[in-house]
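> Mind having a look at this structure? Questions to follow.
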Amino acid sequence: MRFRLTRDQEALREGMRELLGRRFDGAALRAAAGAPARLDRRLWRELGAAGFFALRLPEADGGVGLGLPEAVLVFEEAGRALLPGPLLATHLAAAEVPGAAMGETVVARVDGGLAEWLAEADAVTGDASGALPVRSVDPLTPLHRVPGPAAGPADPVAVLLTAAEQLGTATRACELAVQHARTRVQFGQPIGAFQAVKHLCAELLVRAETARAAVYAAAVTAAPVDIAAARLLADEAAVRGARDCLQVHGGMGFTWESEVHLHLKRAWVRAQRGGGNTESEEMLAVELLG
Amino acid sequence: MDLSYTPEEEDFRARLREWLAKVLPGLPPKPRPEDWPGRRAYDLGWQRTLYDAGYADVHWDASPTTRLIFLEETERAGAPYVGANFVGLLHAGPTIAAEGTEAQRARWLAPILRGDEVWCQGFSEPDAGSDLAALRTRAWRDGDDYVVSGSKIWTSHAEVADWCELLVRTDAQAPRHRGITWLAMPMDAPGITVRPLRTLAGSAEFAEVFLDEVRVPVANRVGAENDGWRVTMVTLSFERGTAFVGEVVACRRVLGELARVARENGTWDDPERRRRLGRLNAEFRALWRLTQWNVSEAEGGRVPGVGGSVFKLRYSHARQELYDVAAAVLGPDALDLDRPWVLDRLSSLSYTIAAGTSQIQRNIVAERILGLPKGR
């Protein structure tokens, strides 16, 4: 048993982190949040060229030929950078929708009664008829409500890659909280020296690392019940993590200028995918009966 | 990332399983909890059985993955716990192996492995709990002996132990981490009084140990005088990620049984309670994966050390949640001590306290992993 990243997996993650750090840094994130949500098509094509969408397609079909563990790693990085756009929908459509694999075509997806980035998309998977725009809580995720009956059970791969993005947010929330706690001085010392703040940060890490083990293991086994568990842990790590990160930031965390709220809002959007987490909880309950 | 085991590891698992199936039906009945001599004999007997079959030193010499498999399979099969052998196998023994002289290793290690001698731990004191370095039990030299006076607390198996790994203060003037010495104290020495400590669960799993001018030969000192803090810390991360393997396996079994009881008594039909069971399933699955992650880290030569704090924080709260959910499923039966899980619920209250409270663990995580400054 070697349940650790291989060198290739580490290199893949580093490469994606470097690309996103260069093309979508904190300043770009704040600029994007201040303008109407538009997709950066050039960045989208760069992601395509880097293999983000074609990652799991066989090499014979022009893909990268990698598997779920690698997809989880790049989605985690996208989540950590808070990269906007219908990443999941386009990745999932790479085999079917022409141009999706290379980032030439932007694909939206109907999921849980909602569709992200519908107006910017060139193609849609699922039935989006009657879709109505929503004033989205997340400034970086335009949303439409889609009427009609809920679709069947959620696609496990979609659930897992969403959990990977949530893991990225949980990790980022911990980093931001720790950075702030180290540098913000009150009462003559960094606030991170106060145990009350220290303990919030410690719990951020505990939740993120527990979720990481669950998400990575689910990527290896691809078992629906492992994926359901990963989803519950990752949603919790991201949503509670972003909230605690906001709390550590104090008044600054409540401003638009700080990026913390963007992480929380995105975590809320992702937690709604697949119609929320009820299905996962039920699946895990039934599994106990063996 | 690979969750599969090597052919050698699978072979080890298969042989162990086969052996357990053969040997467990022949075990004597489990002694009652208050029967200390019976418990001693039972636990030592099991260690001897392991020794005869070549499994005695799995805690010492095997790879972390092999140890994980051993703990997983013995728990699955319902084999006895390490019990009275805990301190010898998992703390005092490894400490002597790492820091003892040739003669000390020869004297103490084999009897631990063979299941001949029981060790207990004399670390905590009434005024030195989380702050262990505040310990005040004094020892001074008198010829070839140390003379020890003071008191220890939270010592399990003190009633039936042959030896106590004891931390004493040998230099009251030195900075507090530098005046501590590690001694092996024979428990039959004059001047030792053991008083059982009744816990909130009603049983006496621990004891207080009072020491009144107890003579311990200088030859029983492991490591240098005043170097006992370092000697103790050397083996603190000895378990390398496997400390709670058996417990996580056991919790997952309890959770399954709990779901079936819920199904029978109707609480299953309440979606809130049913989904709470589902969330706990996710929780313990994740804890199992985190165990596998930490063991793989150890396999790669990295000492999980503080990574163990992350695990312990999460696990201790999950265990308490498990028995709170059990109480929700049991309803009024949760107040009946004769029902299953009710005593376990009481015991679970110690998990966020023993071996470093959750508050201390959070300090450790924040300061040593996240690099936050120490408070003034």
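The values are calculated or read from the model by the stated rules, or taken from the named source; none is laboratory data. Note that this is a predicted model, so its numbers are computed, not measured. Note that each Cβ is placed from the backbone with ideal geometry, even for glycine, and that neighbours are counted across all protein chains shown. Side chains included, ligands, DNA and RNA excluded: accessible areas come from the protein's heavy atoms. Shrake-Rupley method; radii C 1.70, N 1.55, O 1.52, S 1.80 Å.
> Would you please name the residue that is farthest from A:PRO84 (Cα to Cα), looking only at residues in segment A:3-25 that are open to solvent by less than 30 Å² (accessible area, probe 1.4 Å) and assigned to a helix (DSSP H, G or I)?
Among those that are open to solvent by less than 30 Å² (accessible area, probe 1.4 Å) and assigned to a helix (DSSP H, G or I), it is A:GLN9.
> If only one of B:LEU68, B:LEU113, B:LEU90 is within 14 Å of another protein chain (Cβ to nearest Cβ) and assigned to a helix (DSSP H, G or I), which one is it?
Matching residue, one of B:LEU68, B:LEU113, B:LEU90: B:LEU68.
> Follow-up. Inside segment A:82-93, can you point out the residues that are farther than 28 Å from A:LEU176 by Cβ and open to solvent by 10 Å² or more (accessible area, probe 1.4 Å)?
A:LEU92
> Still on this structure, I have one more. Kindly provide the set of residues from segment B:346-375 that are basic (Lys, Arg) and touching a residue at least 24 places away in the same chain (Cβ under 8 Å), ordered by number.
Within segment B:346-375, B:ARG362, B:ARG368 qualify.
> While we're here: Can you spot a residue in segment B:232-241 that is touching a strand residue (DSSP E or B) at 6+ places or on another chain (Cβ under 9 Å) and either within 14 Å of chain A (Cβ to nearest Cβ) or modelled with pLDDT under 95 (or both)?
Looking through segment B:232-241, at least one residue is touching a strand residue (DSSP E or B) at 6+ places or on another chain (Cβ under 9 Å) and either within 14 Å of chain A (Cβ to nearest Cβ) or modelled with pLDDT under 95 (or both).
> Okay, moving on. Please give the number of the condition A:ALA150 fails out of (1) hydrophobic (A, V, I, L, M, F, W, C); (2) open to solvent by 10 Å² or more (accessible area, probe 1.4 Å); (3) under 30 Å from A:ASP61 (Cα atoms).
Of the numbered conditions (1) hydrophobic (A, V, I, L, M, F, W, C); (2) open to solvent by 10 Å² or more (accessible area, probe 1.4 Å); (3) under 30 Å from A:ASP61 (Cα atoms), the odd one out for A:ALA150 is (3).
> List every residue pair whose Cβ atoms sit under 8 Å apart, with the two residues 6 or more apart in sequence or on different chains, where the first one lies in segment B:132-149 and is part of a helix (DSSP H, G or I) and the second, anywhere, is loosely packed, with under 12 Cβ neighbours inside 10 Å.
B:ALA134/B:ASP127
> Kindly provide the set of residues from segment B:283-304 that are among the basic types (Lys, Arg) and at the interface with chain A (Cβ under 7 Å from one of its Cβ atoms), ordered by number.
B:ARG285, B:ARG289
> Can you list residue pairs whose Cβ atoms sit under 6 Å apart, with the first residue in segment A:155-171 being touching a residue at least 40 places away in the same chain (Cβ under 8 Å) and farther than 11 Å from A:ARG212 by Cβ and the second being of a type in the set (Val, Ile, Thr) and open to solvent by less than 10 Å² (accessible area, probe 1.4 Å)? Count only pairs 6 or more apart in sequence or on different chains.
What qualifies is A:PRO156/A:ILE227; A:VAL159/A:ILE227; A:LEU160/A:ILE227.
> Let me ask something else about it. Look at A:THR171 and say whether it is within 27 Å of A:GLN9 (Cα to Cα), hydroxyl-bearing (Ser, Thr, Tyr) and more than 10 Å from every other protein chain (Cβ to nearest Cβ).
In short, yes.
> Just for segment A:254-286: of the residues that are surrounded by fewer than 20 Cβ atoms within 10 Å (Cβ to Cβ), acidic (Asp, Glu) and in a helix (DSSP H, G or I), which one is nearest to the other protein chains (Cβ to nearest Cβ)?
A:GLU282
> Sticking with this one: Within segment A:117-137, can you find the residues that are under 13 Å from A:ARG38 (Cα atoms) and either open to solvent by less than 30 Å² (accessible area, probe 1.4 Å) or among the aliphatic types (A, V, I, L, M) (or both)?
Scanning segment A:117-137 gives A:TRP117, A:LEU118, A:ALA119, A:ALA121.
Each row is one residue, and each column tells you yes or no for (1) in contact with an Asp or Glu (Cβ under 7 Å, 6 or more places away or on another chain); (2) open to solvent by less than 60 Å² (accessible area, probe 1.4 Å); (3) within 12 Å of another protein chain (Cβ to nearest Cβ).
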| site | (1), (2), (3) |
| --- | --- |
| B:ALA327 | no, yes, no |
| B:PRO332 | no, no, no |
| B:LEU343 | no, no, no |
| B:LEU372 | no, yes, yes |
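> If you don't mind, another one. Conditions first: (1) within 23 Å of A:TRP117 (Cα to Cα); (2) more than 14 Å from chain B (Cβ to nearest Cβ). A:ARG22 passes all but one, so which condition is the exception?
Looking at each condition in turn, A:ARG22 falls short on (1).
> Quick test for you: out of A:ALA177, A:ALA213, A:ALA234, pick the one residue that is part of a helix (DSSP H, G or I), within 7 Å of chain B (Cβ to nearest Cβ) and surrounded by 17 or more Cβ atoms within 10 Å (Cβ to Cβ).
None of the others qualify; the one that does is A:ALA213.
> Follow-up. Select from segment B:265-282 the residues that are in contact (Cβ under 8 Å) with a residue 12 or more places away in the chain and either within 22 Å of the chain's Cα centre (by Cα) or within 7 Å of chain A (Cβ to nearest Cβ) (or both) and list them in ascending order.
B:ARG274, B:LEU277, B:ASN281
> Just need a number here: residues in segment B:248-273 that are within 27 Å of B:GLY307 (Cβ to Cβ), of a type outside the set (A, V, I, L, M, F, W, C) and crowded, with 18+ Cβ neighbours inside 10 Å.
Adding up the residues that qualify gives 1.
> Filter segment B:75-106 down to the residues that are over 14 Å from B:CYS164 (Cα atoms), open to solvent by less than 20 Å² (accessible area, probe 1.4 Å) and among the small types (Gly, Ala, Ser) and list them by number.
Correct list: B:ALA79, B:GLY100.
> Which one is nearest to B:GLU117 (Cα to Cα) among residues in segment B:27-50 that are without any contact (Cβ under 8 Å) to a residue 24 or more places away in the chain and assigned to a helix (DSSP H, G or I)?
Ranking the qualifying residues of segment B:27-50, first place goes to B:ALA41.
> Where residues in segment A:242-251 are without any contact (Cβ under 8 Å) to a residue 40 or more places away in the chain and open to solvent by 50 Å² or more (accessible area, probe 1.4 Å), which of them is farthest from A:ARG80 (Cα to Cα)?
A:GLY251
> Only residues that are of a type outside the set (Lys, Arg), away from chain A (no Cβ under 14 Å), touching a Phe, Trp or Tyr at 6+ places or on another chain (Cβ under 8 Å) and surrounded by fewer than 17 Cβ atoms within 10 Å (Cβ to Cβ): list them for segment B:1-59, please.
Matches in segment B:1-59: B:LEU27, B:PRO28, B:PRO31, B:ALA53.
> Could we say that A:ALA108 is within 25 Å of A:ALA131 (Cβ to Cβ) and crowded, with 18+ Cβ neighbours inside 10 Å here?
It is true that A:ALA108 is within 25 Å of A:ALA131 (Cβ to Cβ) and crowded, with 18+ Cβ neighbours inside 10 Å.
> Return yes or no: is A:ARG38 farther than 26 Å from A:ALA219 by Cβ, at pLDDT 95 or above and open to solvent by 40 Å² or more (accessible area, probe 1.4 Å)?
So A:ARG38 does not fit the description; no.
Yes/no per residue for (1) farther than 14 Å from A:ALA208 by Cβ; (2) in contact with a Leu (Cβ under 8 Å, 6 or more places away or on another chain):
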| residue | (1), (2) |
| --- | --- |
| A:ASP226 | yes, no |
| A:ALA234 | no, yes |
| A:GLN247 | yes, yes |
| A:GLU281 | yes, yes |
